[in-house]
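Contents: one structure, followed by commentary.
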Amino acid sequence: MKIIHVLSVALLSTGCASVSVPNAADPWEGFNRRTFRLNDAVDRSVLKPAATLYETVVPKFARTGINNFFENIADVGTGLNDLLQGKGRQGVSDLGRFGLNTTLGVAGLWDVASKVGLEKHKEDFGQTLGWWGVPSGPYLVLPLFGPSTVRDAPAKLVDPSLLYSGSLGNGSALALRATDTVNTRANLFPADKVVAQAAIDRYAFVRDAWLQRRKGLVYDGHPPKEKPDE
C-alpha cells in the first residue's frame, strides 16, 4: 500500500520524531488536535473493533472481492478527474477499467483489468483543483473523515459514489457506506504499526505524512519546489 510507504519514509526522515515542529500549513492546530483526539476515540471504540471482527469473520478471498468492488466504483471518479485534468489517455484507461471489471469482473468483485495491463490510478476532485492551481489552503482535520484541507474538504462532495448511494434505498446506502468504512479501516491495520513507531506526537506525524502524500498525488509524484503549500 502506498500510504505505508509514505509513512515509512516520513518515519525515517524524522528519526522517530518525538517533538512537535510547527507547520505553516496548520494554522488551526489547536482545533485540529481536538478533532484528531475525537476521531481517535471513535476509532478505538468503534471502527477498530469492527474492522478487527470483519477481518476475523470474513474470509480473505471475500475481503479481497469486497475491496475490489469499492475500488471499482472509485475508478469512475478517477477516470472523470483524469479527463478534467487533461489526461485523456489515462482517463480512457481508468474508465475502461470500470467497464471491464463491472462486466467480466462481475460487478467489480474481480480485478480483471489489472491482469490485462490496465494500470490503476488515484484521482479525485481535490487533486483536480490542485492540478489547475487552486491552493490547498490550511490543513483541516474533519470529524470522522480525518485529514483534509480547505480545498479538499468541499471537493469530497463531488464524488460519484454519492450518486450510487442516492440511487439506493436508505438501508442499502447505509449498509454500503458502513461496509466501505469498515473495509477501509481494515486496510489501514499495517499503517497502525508504522504510526506506532512515530513515538510521542502521533498527530504531527500523521499530519506531515498526509500532507506529503497529498502533495505527491496532486502533482503525480513531481511537485514543484516553488509551491511548498500544495
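If you check Gly79, Gly126, Gly86, Gly130 for being closer than 19 Å to Val218 by Cα and loosely packed, with under 15 Cβ neighbours inside 10 Å, only one passes: Gly86. Scanning segment 133-158 for residues being surrounded by 20 or more Cβ atoms within 10 Å (Cβ to Cβ) and either β-branched (Val, Ile, Thr) or in a loop (DSSP other than H, G, I, E, B) (or both) gives a total of 4.
Which one of these is modelled with pLDDT of 95 or more, loosely packed, with under 11 Cβ neighbours inside 10 Å and closer than 30 Å to Ala107 by Cβ: Thr56, Thr52, Thr64? Don't jump to the end; show me each part of the working.
Numbers: Thr52 fails: loosely packed, with under 11 Cβ neighbours inside 10 Å; Thr64 fails: loosely packed, with under 11 Cβ neighbours inside 10 Å.
After applying the criteria, what remains is Thr56.
Inspect all residues belonging to segment 101-112 and state whether any of them is part of a helix (DSSP H, G or I) and among the charged types (D, E, K, R). Before the answer, list the steps.
Initially, segment 101-112 is screened for residues part of a helix (DSSP H, G or I), giving 101-103, 112.
Subsequent filtering for residues that are among the charged types (D, E, K, R) retains none.
No.
Considering only residues in segment 165-215 that are in contact with a Cys (Cβ under 8 Å, 6 or more places away or on another chain) and open to solvent by 30 Å² or more (accessible area, probe 1.4 Å), the one that is modelled with the lowest pLDDT turns out to be Ala199.
Which of the residues that make up segment 91-106 are in contact with a Leu (Cβ under 9 Å, 6 or more places away or on another chain) and farther than 18 Å from Gly65 by Cβ? Talk me through it step by step, then tell me what you get.
If we filter segment 91-106 for residues that are in contact with a Leu (Cβ under 9 Å, 6 or more places away or on another chain), which is where we start, we get 91-97, 100-101.
Once the filter is applied, which keeps residues that are in contact with a Leu (Cβ under 9 Å, 6 or more places away or on another chain) and farther than 18 Å from Gly65 by Cβ, segment 91-106 yields Gly91, Val92, Ser93, Asp94, Leu95, Gly96.
The values are calculated or read from the model by the stated rules, or taken from the named source; none is laboratory data. Here the structure is a predicted model, which is why all the values come from computation and not from measurement. Quick reminder, even Gly has a Cβ in these numbers, built from the backbone with ideal geometry, and neighbours come from all protein chains shown. For accessibility, only protein heavy atoms count, side chains too; no ligands or nucleic acids. Shrake-Rupley method; radii C 1.70, N 1.55, O 1.52, S 1.80 Å.
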